[in-house]
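The values are calculated or read from the model by the stated rules, or taken from the named source; none is laboratory data. From a predicted model like this one, the values you see are computed outputs, not experimental measurements. Reconstructed Cβ throughout: ideal geometry from the backbone, glycine too, with neighbour counts over all protein chains shown. The protein model used for the area step is the full one, side chains on, heavy atoms only, and it has no ligands, DNA or RNA in it. Shrake-Rupley method; radii C 1.70, N 1.55, O 1.52, S 1.80 Å.
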Amino acid sequence: MRQSASSAFPLCHCGCVDLVHAKTFGIVRLTVAMLPVTSAVLVTMLLFAETVVGIVDGTSRLMPEPTERWIDSGSCSTPPVCDCIVIRGRLTANCSSRNINSTTIPSFRRNVHTIILNSNKITEMPNNSFFQSQLSSLHIQQNNMSEIQSGAFLGLKSLKVLDLAHNQLTTKPGILKKDVFQDLKQLQILHIHNNSIRGQPPVDYPDSACANLVSLTNITIDGQVNASFGKGFSSLDYLKHLDFSGSSGKCKIHNLKSTTFQHLSHLETIDATFCNIVNTERNTFSSLKNLTHLKLSNNVDLGFKILRNISLDSVTTSIKVIELNKVYRTFGLGTIVNTFDIEAISNTSLEVLSLESNRLQMLQYGVASLMPETLRKVSFADNKMLFGWFVFEIERLTGLQEFNLSNQVASHVPSDLNTPFTYDGAKECREHQGRPDRMATYNDLNQVTRFQRDLAFRCIKMPPSLEIVDLTSSYLKYSIMDLCFETNNIRKVFLANNIINKWIGGIKGLTKIEHLDMSKNFCSEVSYTFFDNLTNLKTLLIAQNFLGFSLRTDDNGRIFKNLRRLQKLDISDNRIDRLPKFIFRGLESLEMINLGNNSLTECNFNIGHMSKLKHIDMSFNQLSTIPNHFLIHLDQQLSKNITVNMKGNPLVCSCASLKFLEWFKERKTIFMFSKDYYCTYDGREQKLEEINLTELKKTCVSYTGVIIAAIVIILLAISSIIGGLVYRFRWKLRYFYYMAKSKYMGYTQVQRENEDDFVYDAFVSYSDLQRTFVIKDMIDHLEKDGGLSLCIHHRDFLPGNEIGANITDAIHKSRRIVAVVSRDFLESYWCMFELNMARMESIYSRDGRNNLFLIMYENDIPTHLPLEFYDLIESNSYIEYPDDPQGNIVFWDNVHKAMLS
């Protein structure tokens, strides 16, 4: 987290122990602040303090883990009215809120190291109240104590912490006697804040009483009006830290004079916040050679008029940090820092300058040039800064590491803290009378236009050591076209919560940037080249924009393609409903990705290449399940202890998501907040971990395979049966087909009421090898000599008609079918076609009468005939060709008779 300069040393405002450890300045401070606390809380605080800082022995080394043990109340006090606690081997007596008064203070054992008497009724601390030589810490808060006798703390030579806050110990003479602290030579921390009585006249600080505290390092005290720390404080050579702020106690100083700190020459830190200071005189701080940290924040009537005195005084100090936050009231004219006010500051070793919440609008040109080279952090947060020519002068801050310009032009509640809202314009004008340059003028504001015009033609040169730039919530209303920076070392840039609504151009020059926050910018458009030059980026926060419109169209992953070192990506709350598969193509080093609070309905994007991925947040989207390929990618990351957040998604427990549900049950430990996952199952919403997967599996058992197999078998069986029937009746089907075709294609069918209706006496079926036999012998003997009419396909078929149609038509018009059967005939498709068609004709058109006559042209033909023709052999419907002159006469005569039968 980033911390402004104003909170570098936080104070505790609730009566707690405030432990501040500032490594830069070597400061370790323990403060018990404003309000009273309960005994249990204070014990816990002491336990913490003992853990971090060696409060008992005054060292600042880190201590081991504490142990706490409660023992019998009689072990630490008589009567036994206190809680006795052993903290790291040292005894603490907690006697808070026990109605103890000045006469009933218990006696404590000598081995007690810490005594807590808060919230009692000890209005007067009598002599010889404590005899514990080992006592190191004594707390007497909230007792309405108004008097301490001189010998009250006699013998407490080991005491290191004394807390007398929240009483009525005014600092007027006689209350804190000169010798009241005479034995407290080892005391290091003294709290006497919140002891002023309302309406009491101004008094001085108790210098005579404090003169004996020669080991004191920290003091918290009420700030008195126009008072100074007297000569008694000059003996406190170890006093480093003074807190008289209104945030710790009561403070109403008005004026810091040149004599205020003259006897505190060893001070290192001064906290005078919330003290109603209106002026600081010249030489107020010049005598504090060791002063490193000056806090004057929240003195709303102080103004920048004190800058000159502070800068002049700081020359003779060791100043490191100056905090002047909110030294103007919230509402008023814009202010400006001028060179006249800080011309001496260049001779200091200043490291941190904080001018937050001051209505600051401009820096006079030349202010940055006057800053010392040691300056490493500047904060102008919560002002009204306008960009002007001074931006180009920032490059001269060669040592600057962090620049805070956040919360510019912020809205404020019309009040200054708890005081009524007032604005005295006349007073403010009187303050600046003769010095109008302390307010931003028209000419100053006109720099903005000239600056913007000049910015378009040059690259911005930044301080060479600058690493952090914070422009969060600064009301920037721009579309980034092209930005150019000269060589720099910027590592972190914060631009969140502005109105930079289009990221179109590229950013050049930020080659070393590692952290970029552009969340909450109402951005709806980002170009494919915007991040191309930020190759060293490790953290990219662009949540709460409208980038879903741009990301959903980046199918090739061009937006993030060059961010190969990116480790953390936050694109949550961007109205993303879809992410392309390769959107994260270049993010090979990604460890954490936040996709929460979008409208994703599916996880189609690829994460398989993210070998270092440790966490993915997909909470509060519209995911009903996770696809298998995504689960495979997550499995690859299990060895790296990856975690997944899917809380707030409308998961569905169904057969379609069964794979994911089983995967979830087996790897539930990787899911964050898994007990809060719900899914819709059986029409109602149930906790995901309570879903009975066994029952779900039963409802999801699929019979599809069995059904498909059964259908295939049935179809195969039907196909086989149909195929067998078709094959069995193939010739019948063919016959009917050609007969039907003859009818519908215009062929004339012979009407046979008697034998004379046939066109031919016989249709001759033969193979080409018997063609000579048919044309020469058969035609001569049967047509020429026998007077028969034969149908010979070489001679009588109609050209242009289909062969099958010609065959069936010729068979149908012939009285008999004569087949000249040979081996070649049996091997010929068309010969067998003719033979089968003739058989079908005899069965279906001739009322079963045999019209087929076979001539066995070769001797062994009957043994080669198909089985279905053996009935012809048995019925002697055939004749063998003798192939000799004598036998031929009888042969042709028998054939002729068969044709006429």
Restricting attention to region 316-332, which residues are aliphatic (A, V, I, L, M) and at pLDDT 95 or above? Ile319, Val321, Ile322, Leu324
Among the residues of region 194-214, are any under 27 Å from Ile306 (Cα atoms), open to solvent by 10 Å² or more (accessible area, probe 1.4 Å) and part of a strand (DSSP E or B)? no
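If you scan region 636-670, which residues turn out to be assigned to a helix (DSSP H, G or I), among the small types (Gly, Ala, Ser) and closer than 22 Å to Asn692 by Cβ?
Ala656, Ser657
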Name the one entry in Glu662, Glu602 that is of a type in the set (Asp, Glu), over 22 Å from Leu566 (Cβ atoms) and at pLDDT 90 or above. Glu602
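In region 548-591, how many residues are assigned to a loop (DSSP other than H, G, I, E, B), open to solvent by less than 30 Å² (accessible area, probe 1.4 Å) and more than 17 Å from Met618 (Cβ to Cβ)?
8
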Identify the residue in region 831-857 that is buried (at least 18 other Cβ atoms within 10 Å of the Cβ) and among the acidic types (Asp, Glu) and, among all such residues, is farthest from Ser765 (Cα to Cα). Glu841
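Please work out if Leu138 is of a type in the set (A, V, I, L, M) and either touching a residue at least 40 places away in the same chain (Cβ under 8 Å) or touching an Asp or Glu at 6+ places or on another chain (Cβ under 8 Å) (or both).
yes
To keep it simple, each residue is scored yes or no on (1) surrounded by fewer than 22 Cβ atoms within 10 Å (Cβ to Cβ); (2) modelled with pLDDT under 85; (3) in a helix (DSSP H, G or I).
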| position | (1), (2), (3) |
| --- | --- |
| Asp756 | yes, yes, yes |
| Asp761 | yes, no, no |
| Leu788 | yes, no, no |
| Phe825 | no, no, yes |
Just to be sure I understand the filter: pairs with C-beta atoms under 7 Å, separated by 6 or more residues or on different chains, first member in region 249-273 and of a type in the set (Ser, Thr, Tyr), second member in a strand (DSSP E or B) and modelled with pLDDT under 95. Which pairs pass? Thr269/Ile27
Could you say which residue among Ala381, Ala410 is touching a residue at least 60 places away in the same chain (Cβ under 8 Å), assigned to a loop (DSSP other than H, G, I, E, B) and surrounded by fewer than 20 Cβ atoms within 10 Å (Cβ to Cβ)? Ala410
Filter result (open to solvent by 10 Å² or more (accessible area, probe 1.4 Å), touching a strand residue (DSSP E or B) at 6+ places or on another chain (Cβ under 6 Å) and under 19 Å from Lys320 (Cβ atoms)) within region 354-372: Glu356
Limited to region 636-653, what total is found for residues that are open to solvent by less than 40 Å² (accessible area, probe 1.4 Å) and either more than 21 Å from the chain's Cα centre (by Cα) or within 19 Å of Asn606 (Cα to Cα) (or both)? 6
Among the residues of region 516-547 satisfying the criterion of being crowded, with 19+ Cβ neighbours inside 10 Å and of a type in the set (Gly, Ala, Ser), which is nearest to Asn594 (Cα to Cα)? Ala543
Scope region 833-855; condition modelled with pLDDT of 85 or more and among the aliphatic types (A, V, I, L, M); matching residues: Leu854, Ile855
Can you tell me which residue within region 615-635, out of those that are of a type outside the set (A, V, I, L, M, F, W, C) and surrounded by fewer than 16 Cβ atoms within 10 Å (Cβ to Cβ), is nearest to the chain's Cα centre (by Cα)? Gln622
Could we say that Ser258 is surrounded by fewer than 18 Cβ atoms within 10 Å (Cβ to Cβ) and more than 21 Å from Lys177 (Cα to Cα) here? yes
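Would you mention how many residues in region 295-319 are touching a helix residue (DSSP H, G or I) at 6+ places or on another chain (Cβ under 7 Å) and within 17 Å of Leu375 (Cα to Cα)?
Restricting attention to region 295-319, the residues satisfying the condition of being touching a helix residue (DSSP H, G or I) at 6+ places or on another chain (Cβ under 7 Å) are 297, 303-305, 307-308, 311, 314-315.
In the following step, the residues that additionally are within 17 Å of Leu375 (Cα to Cα) were identified as 307, 311, 314-315.
Number satisfying all stated conditions: 4.
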I'd like the full set of residues that are within 53 Å of the chain's Cα centre (by Cα), at pLDDT 90 or above, not hydrophobic (A, V, I, L, M, F, W, C) and not in a loop (DSSP other than H, G, I, E, B), limited to region 74-132. Asp83, Thr92, Asn94, His113, Thr114
